[in-house]
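Below: the structure, in structure tokens.
The values are calculated or read from the model by the stated rules, or taken from the named source; none is laboratory data. Everything numeric here is computed off the predicted structure, so don't read it as measured data. Cβ coordinates were reconstructed from backbone atoms using ideal geometry, including for glycine residues, and neighbour counts include every protein chain displayed. In case anyone asks, the SASA skips ligands and DNA or RNA and just uses the protein heavy atoms, side chains included. Shrake-Rupley method; radii C 1.70, N 1.55, O 1.52, S 1.80 Å.
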Amino acid sequence: MTIVDTPERRQLRELTRAFVTKEVLPYLDGWERAGEVPRSLHETAAKVGLLGVGFPEAVGGSGGDLLDSIVVTEEIIRSGGSSGLVAALFTHGIALPHMVAAGNEDLVDRYVRPTLAGTMIGALAITEPDGGSDVAGIRTCAVRDGDHYVVNGSKTYITSGIRADFVTTAACTDFPGSGSLILLVIEKGTPGFTVGRRLEKLGWHCSDTAELSFSDVRVPVANRIGPEDTGFLTIMQQFSAERLSLATQAYATAQRCVDLAVRWCRDRSTFGRPLAGRQLIRHRLAEMHTRAEAARAYVHEVAERVAAGQPVVTEVAMAKNVAVAACADVVDRALQLHGGFGYLRDAEVERHYRDARILGIGGGTTEIMNDIIAKGMGL
Ligand SMILES: Cc1cc2nc3c(=O)[nH]c(=O)nc-3n(C[C@H](O)[C@H](O)[C@H](O)COP(=O)(O)OP(=O)(O)OC[C@H]3O[C@@H](n4cnc5c(N)ncnc54)[C@H](O)[C@@H]3O)c2cc1C
């Protein structure tokens, strides 16, 4: 029995699978066309206890740790959901942890509890039009004016930014690019805060993505997360969980595509024989399965170390890159095995092929992960 295969986690898998089967699969294609998931899905997910997994009961969560969140993500994708759905429904996984870690009861009551209850939606805004990789270079600025900060700047590619009721926003307190960052919770409807157009994307169609702009937006100092100038550190500390979530989405997508390809190769006959009757095809499926499994095992190992509080920033970067590379290879081969059908919108594998491309970009690109790994090697 592995650490993610305990009786409690098996139960969590069953709960997740039942949720996906009943509440997601009949509607997912429609949400992909609509460009977003409905708000009611958040409430339903909260009611069955899935939205709060990985958050302490003391802040309105359902308890559990990073490994429980990983189990939920794995099972959503394994049951026919998608990484796009995970991004849309679990955006709070990146919008809330800074508030929970800072332990500010007021912010927890106003934003964390309602979000985990599914009645509010949050987003995280770090990336700017001028660049996302260089977090220290953030140009959106927050200038203190009495009990408020006055925020000016813009953000882009923000997941759930169209629907979000509040945005956990990174801003500099000194001059643009100074690296002295704070995190502010900015509410939709605050004068000067504009949500721009819905960005059209290659994949993750059911996950809305927005541009945001701030023009003299007055944000109460009470909405600052943690002390002044701790923003950069706080952002970096929470990146590990986000990167492991993306790594999980990557190997789970790969495994789902292996399952789809196996089913297809058993059913599809060419030249009078099922595809799976040919050794070449069986070996291809074996290689795909091996890549997905190896990525899963490594991500689990690193996640266990993160959950145990070990400083494994380098290993997290390696886990993300390993899983993303495995996913890219496997989704491509799975689509190819489906032939022409694999290229059609009707094929589930087609959605995974498009969705997978973001996994090596979001949460820190493959190149930025390599930079971290090289640093960890002393280079
Ligand atoms: C669908 C989607 C959802 C997203 N959701 C969010 C969100 O919710 N919140 C948020 O804040 N951001 C979000 N992002 C933004 C994402 O995190 C950034 O796109 C990512 O960090 C890269 O930043 P960039 O696009 O500005 O690329 P750049 O930083 O401009 O990089 C461009 C290219 O140059 C490479 N590069 C950059 N610096 C170096 C270097 N030093 N050495 C070698 N290569 C380098 C990069 O790897 C990349 O290939 C999302 C993006 C997408 C597409």
### Task
Under a 10 Å cutoff between Cα atoms, tell me which one of G146, G189, G81 has the largest fluctuation in the Gaussian network model of the chain.
G146
### Message
Working only with C-alpha atoms, what are the Rg and Dmax values of the chain, expressed in angstrom?
### Response
20.9, 79
#### Entry: For the range 196-323, alpha-carbon Rg over 2.2 N^0.38 Å
1.56
### Message
What number comes out for accessible area per residue over the range 1-89 if the probe is 1.4 Å? Units Å², please.
### Response
43 Å²
### Furthest towards positive pole of dipole, V258, S269, S213, structure part the chain, Cβ charges
S269
### Message
Just to be sure I understand the model, the point goes 7 Å from the Cα along the line to the Cβ. What's the resulting E228 to Q279 distance in nm?
### Response
7.2 nm
### Per residue accessible area of the range 140-224, 1.4 Å probe, in Å²
39 Å²
### Task
Distance between Cα centroids, the range 333-379 to the range 27-75: provide it in whole Å.
23 Å
### Query
Leaving out ligands, DNA and RNA, what percent of the accessible area of the chain is carbon and sulfur, probe 1.4 Å?
53 percent
### Task
Using just the helices of the chain, give the 222 nm mean residue ellipticity in deg cm²/dmol: DSSP H runs with n ≥ 4 each add -39,500 (n - 2.57), and the total is spread over all residues, rounded to 500.
-14500 deg cm²/dmol
### List S213, S79, ordered by accessible area with a 1.4 Å probe, largest first
S213, S79
### Task
Send over a whole-number figure in Å² for the accessible area per residue of the range 304-363, probe 1.4 Å.
45 Å²
### Summary
In this structure, among K155/K201; K22/K47; K155/K375; K47/K201, pairs with alpha-carbon gaps over 19 Å are K155/K375; K47/K201
